[in-house]
Each structure stands twice: as C-alpha cells, then as structure tokens.
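The values are calculated or read from the model by the stated rules, or taken from the named source; none is laboratory data. The model shown is predicted, which means the values in this text are computed figures rather than measured ones. With ideal geometry, Cβ positions are generated from the backbone for all residues, glycine too; neighbour counts draw on all protein chains shown. Heads up: the accessible areas ignore ligands, DNA and RNA and are worked out on the full protein's heavy atoms, side chains in. Shrake-Rupley method; radii C 1.70, N 1.55, O 1.52, S 1.80 Å.
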Amino acid sequence: MLSMLFKTLAVVALLSLGMCTIKALQDHAKDNGDIFIINYDSFDGDVDDISTTTQAPREAGYVDLDEVVRNCNASFITPMSNVLQFNTTGALPDEKDKTSMCYFHCFFEKSGLMDNYKLNADLVRKYVWPATGDSIEACEKQGKDEANACERGYAIIKCVVLRSLTDARNIPVV
C-alpha cells in the first residue's frame, strides 16, 4: 500500500513538473529555425528583445568593436570613465597610466586600425574620421622615440583622436 502511494505521488510530481515546463516554454520565444516567434501577449514592443538564430551577413572588413573592447579590457582593465574622457578630450585623466595606454594600443591593434605602428588609412577613415592631408603620416611619426610599445602606440592613437576631435569641431554639420 505504501509503495503504491509513493508511485502515485511520483506520477503527480512528474505531471506537475511537466505542466510547469510546458508553461515556461510557452512564455518564452520559440525557435522555428531561423527566427524566434514571439508570444505577443508578453511582447513589450522592445525590438532589441527580438533575436535571430543566424548571423546577419557582414560586409568585408567588418570589425566587431564590442568584441575588441571585451578582449582588450580583459588584458588591460581600464575604467569606462577613462575611455569616455579620452574619446571626448583626447587625453587620459592620468597621462602616466600605462594600463590605459596599453588598452588603447590593444584596441587599435586588434581592431585593425593600426598594425606595427602603421595606421590602416581605410579603417581610420571609416571608423574614426575622414583623415585629410598628412594626418596619417604625421600621426604615425608620433612616439618613435618611445621604448615602451604601449606608450608609442598611445602617442599615435592620441594624435589620431586629437586630429579627429579638431576636424569634427571645424567642419560644420549640415
């Protein structure tokens, strides 16, 4: 009699677990192969919640900058405040911060913007600014006397960013 009671309880427990699983699956998007079908009862209108199971085709020379940031920040942990300040002023809060210098050197190298202290003019024009005149050559000459790789790379990158910021201020936006 006792074993029959345990069997009955086990069956009831499995059935209730199965029902909870079915309900949970109904509440989430379902995968039909290429796209997710959204349960419109729970869809809040945020298009960012929609995802696909296949990668969108990428153009030749595409650089996943988010991935580059993650990789470089894993090696050279730099506060986002340093990155934001550098991107808006062209200077770090502490100009002797070698970790942040190495982060930016890593970022330019891993993204393909710079290779062995030579700027990739096409990518710089695409992702940073439409470098004009002698900007590329002038920036590549920066930091040649630096023995530390990060300091040399940072000097080039700082030149690129400062010229970018200067050009952006001097070109009227239509």
Inset, instruction - Give me the net charge of Gly143's neighbourhood, meaning all other residues with Cβ under 10 Å from the Cβ of Gly143; Lys, Arg count +1, Asp, Glu -1. - result: 0
Inset, instruction - Once you have the Kirkwood Rh of the stretch 65-170 from its Cα pairs, apply Stokes-Einstein at 37 °C and 0.692 mPa s and quote D in µm²/s. - result: 240
Inset, instruction - Can you pull the one-decimal nm distance between simple spin-label points at Glu59 and Ala91, each 7 Å off the Cα toward Cβ? - result: 3.5
Legend entry - For the stretch 65-170: accessible area per residue (Å², 1.4 Å): 55
Legend entry - Separation in nanometres of the label points that stand 7 Å from Cα toward Cβ, at Leu165 and Lys118: 2.9
